[in-house]
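Below you'll find the structure, written out as structure tokens, and then a few comments.
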Amino acid sequence: MSEYFQSTNSPYYAFATALPLLICYEVLVVVTQTPYWAIRNAADVWMRTFLLAFELKPQHLSFLMIGAMIIALPFARRYAQGVKLRPRYFAMILGESLLYSIVLGVVLRLVLSNLLLAIGGSDLGLLQNLALSIGAGLFEEFFFRVLLLGVLLWFIKHLIPSENLGGILAILLAAFLFSGSHYIGNMADSFTWYSFLYRWLAGVAFTGLYYFRGFAVTSCTHALYDIRVLL
């Protein structure tokens with residue numbers, strides 16, 4: 001069992017898990033789009049906007065991201081030093097992530113019992129909600145946990161001598177920004193303190209899970225959790 005936890009915590013499994021999530025997400029976006037608009041996760045839109053600054057065409061960005069991930073796989077394998085992809089481990093990742101998503105939902109219900117009335121449900125269709133859920137697990141975890149948390153940890157350590165205190169502040173601030181991001185953009189939710197606090201606590205939980213279990217499990221947990229909330 002220790003081999004499973006060590007292997008699935010590696011960048012190799014992070015890329016190997018993210019690749020099918022990205023493909024599923026892009027397929028669902030294409031299937032559900034109309035001639036006038038397409039549903040995309042907010043963090044995905046931010047990264048696409050950044051890449052457009054390099055004069056890349058929007059229709060090429062999806063292929064670029066998928067191609068970059070495929071190219072990165074052998075490098076991640078070399079970095080992981082002997083870690084092998086095992087089919088049963090992916091099944092175990094899904095099972096572990098499903099368990100965490102259920103536990104997270106139960107805990108947040110107990111902490112904020114009134115909040116479900118404020119955030120539950122969605123007016124979008126089944127496939128659109130699936131796309132948003134998978135996109136949240138993939139892009140939000142990459143943006144807020146991998147990128148933002150890493151930058152905050154680097155920045156805060158130069159301001160605060162205590163590594164533990166700096167780490168806690170970085171986690172709380174990353175979760176704060178994660179929660180706030182849900183109220184920005186065309187698909188933004190209406191702001192309420194209940195929903196903000198709910199998402200902030202969820203952000204803290206996802207950050208802690210990322211710290212202990214890595215990107216693969218955290219991204220799947222986030223996606224499965226959102227699926228349970230939205231569907």
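The values are calculated or read from the model by the stated rules, or taken from the named source; none is laboratory data. Please read all numbers here as calculations on a predicted model, not as lab measurements. Cβ sites come from the backbone with ideal geometry, for glycine too, and all protein chains shown count toward neighbours.
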If I ask for residues that are closer than 30 Å to residue 211 by Cα and part of a helix (DSSP H, G or I), which ones from the stretch 30-56 would you list? 42, 43, 44, 45, 46, 47, 48, 49, 50, 51
Check on residue 197, in contact with a helix residue (DSSP H, G or I) (Cβ under 9 Å, 6 or more places away or on another chain), assigned to a helix (DSSP H, G or I), in contact (Cβ under 8 Å) with a residue 60 or more places away in the chain and farther than 25 Å from residue 96 by Cβ: yes
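Assess whether residue 43 counts as being among the small types (Gly, Ala, Ser), within 20 Å of the chain's Cα centre (by Cα) and modelled with pLDDT of 90 or more.
Against the criterion (among the small types (Gly, Ala, Ser), within 20 Å of the chain's Cα centre (by Cα) and modelled with pLDDT of 90 or more), residue 43 does not qualify.
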Residue 42 vs (1) aliphatic (A, V, I, L, M); (2) more than 26 Å from residue 126 (Cα to Cα); (3) crowded, with 16+ Cβ neighbours inside 10 Å: all pass except (2)
So is residue 192 within 18 Å of residue 103 (Cβ to Cβ) and touching a helix residue (DSSP H, G or I) at 6+ places or on another chain (Cβ under 6 Å) or not? no
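Step by step: first the residues of the stretch 9-24, then only those that are in a helix (DSSP H, G or I), touching a residue at least 60 places away in the same chain (Cβ under 8 Å) and not aromatic (Phe, Trp, Tyr), then the one that is surrounded by the most Cβ atoms within 10 Å (Cβ to Cβ). Which residue is that?
Within the stretch 9-24, the first condition is being in a helix (DSSP H, G or I), and the residues that meet it are 11-24.
Within this subset, residues satisfying the condition of being touching a residue at least 60 places away in the same chain (Cβ under 8 Å) are 11-18, 21-22, 24.
After this cut, where a residue has to be not aromatic (Phe, Trp, Tyr) as well, the list is 11, 14, 16-18, 21-22, 24.
Working: 11: 18, 14: 23, 16: 21, 17: 26, 18: 24, 21: 20, 22: 20, 24: 16.
Among those residues, the one meeting the criterion is 17.
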(1) in contact with a Cys (Cβ under 8 Å, 6 or more places away or on another chain); (2) farther than 20 Å from residue 23 by Cα; (3) of a type in the set (Val, Ile, Thr): which one isn't true of residue 93, the others all being true? (2)
What pairs come up if the first residue lies in the stretch 46-68 and is of a type in the set (Lys, Arg), the second is at pLDDT 80 or above, and their beta carbons are under 6 Å apart, counting only those six or more places apart or on different chains? 48/61
Sort out which residues of the stretch 149-164 are assigned to a helix (DSSP H, G or I) and surrounded by fewer than 19 Cβ atoms within 10 Å (Cβ to Cβ), and write them in order of number. 150, 151, 153, 154, 155, 156, 163, 164
Which of (1) at pLDDT 90 or above; (2) surrounded by fewer than 19 Cβ atoms within 10 Å (Cβ to Cβ); (3) not acidic (Asp, Glu) does residue 144 not meet, given it meets every other one? (2)
